[in-house]
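The values are calculated or read from the model by the stated rules, or taken from the named source; none is laboratory data. As the structure is a computational prediction, the values presented were derived from the model and not from experiment. Don't worry about glycine lacking a Cβ; one is built from the backbone with ideal geometry, like all the others, and counts go over all protein chains shown.
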Amino acid sequence: MTDPLAQVYRRFGEAAAETSPLYERVAVALSESDAALHAIEAAPARKRHPTVILAALHDLALAGRAPALAAAYEAADGDAAAGAAIDTLLEMTDSVVAVAARRRPRTDETGRCAVLYPAIAEAARRVGADAVGLIDVGCSAGLNLNVDRVGITYNNGQSLGDPSSPVQLSSSIVGERPLPTGAMPAVVARVGVDRDPVDVTDADDARWLRACLSPDQPERIARLEAEMALAATAPPLLLQGDAVEVLPDAFAGVPADALPVVTTTWALSSFSLEHRLRFLHRLDEAAAGRTVAWVSAEGVGVAPAVPTRGDRRAFGHSIIGLAQFTQSALRAEAVGRCWSRGRLLAWLADA
Ligand SMILES: C[S@@+](CC[C@H](N)C(=O)[O-])C[C@H]1O[C@@H](n2cnc3c(N)ncnc32)[C@H](O)[C@@H]1O
């Protein structure tokens, strides 16, 4: 097999084997079909990747426009799904390409609150704030902005948040150090900033988030449905644009008597270093008038000013950063480490 696109699809399929046998089967079938690969080549070069094309096919299935594919996905029937995916690609090439061209692939963005909750509550405790305004940068669908409205249980017996929430998350603690137990103060503003935000109250946007998950991952799908439903009951203010440009408007949305807490989860790696430094500068500028906190969960060395504690990127975990900007100083600390986007976390700071 010399066709590079065929190789990309085959490798994607092989890598999906453990998490999605359905996508393994579909991607490998596409890699072996010259006609399907030719149809995929109708998409712009950067939109031919399996994550985009499979999500576009899934989107058409969820929209009721590809019933045979929808039925095969529903039945988790790999053979039928492979055949239906090829047929859909050939018969609806323009529609698949149109969805792929219009949309950016989204990762599973649920569950971040298990990491964010203790760090935001700790930020508020440190400055004595009894109200916070959340500003999530690179927010995508803004699911992080419900951090105070979910319940979280940790495998060390600790729990945080709302035990009666319809969204219940769990996370495993690594090491002996307990999480801070403080409850989050009142959240008086929820602002999401993204150059391409997803509005969960918009049917097409919400379907695209679902389409970006494999159809045979019921736990992830259930978690996404629950988090989207919760978000839809109190939609955040979504500001569209570049973070550096839009942040002043976001700060303006936080009442003067509340602590603005900016959050970033795996968002800054797509910023150039210069852009990350400009982002930091924006936080510093906002602190001319009041204290500002920034909670980050980013790869090692990605969040500027947040110490790496000698960790290396190659270890594959992320650092939970807590930075406090005042008029005269920036104090930034690595308060934790996390793995698998927060499914596991180690707290490092004194509780
Ligand atoms: C990898 S996603 C992370 C989404 C989410 N925070 C999470 O935890 O999964 C990065 C997000 O940052 C947004 N983004 C990238 N560059 C941006 C910029 N310069 N300004 C605002 N948003 C940006 C993208 O549109 C995308 O939604």
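Summary table below
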read-out	value
Hits in the stretch 1-33 - residues which are within 23 Å of the chain's Cα centre (by Cα) and not in a helix (DSSP H, G or I)	17, 18, 19, 20
Tally, over the stretch 229-242, of residues that are out of contact with any helix residue (DSSP H, G or I) (no Cβ under 6 Å at 6 or more places or on another chain) and either over 23 Å from residue 207 (Cβ atoms) or crowded, with 19+ Cβ neighbours inside 10 Å (or both)	3
Output for the stretch 181-195, where each listed residue is surrounded by 15 or more Cβ atoms within 10 Å (Cβ to Cβ) and modelled with pLDDT under 95	182
Any hit, the stretch 311-328, residues being surrounded by 14 or more Cβ atoms within 10 Å (Cβ to Cβ) and of a type in the set (Asp, Glu)	yes
Count - residues of the stretch 254-275 that are crowded, with 19+ Cβ neighbours inside 10 Å and within 19 Å of residue 290 (Cα to Cα)	7
Per-region count, the stretch 182-203, residues part of a loop (DSSP other than H, G, I, E, B) and closer than 17 Å to residue 295 by Cβ	4
Near pairs, Cβ below 8 angstrom, 6+ apart or cross-chain, from the stretch 159-170 (surrounded by 23 or more Cβ atoms within 10 Å (Cβ to Cβ)) to any residue that is in a loop (DSSP other than H, G, I, E, B) and of a type in the set (Gly, Ala, Ser)	160/183; 169/111
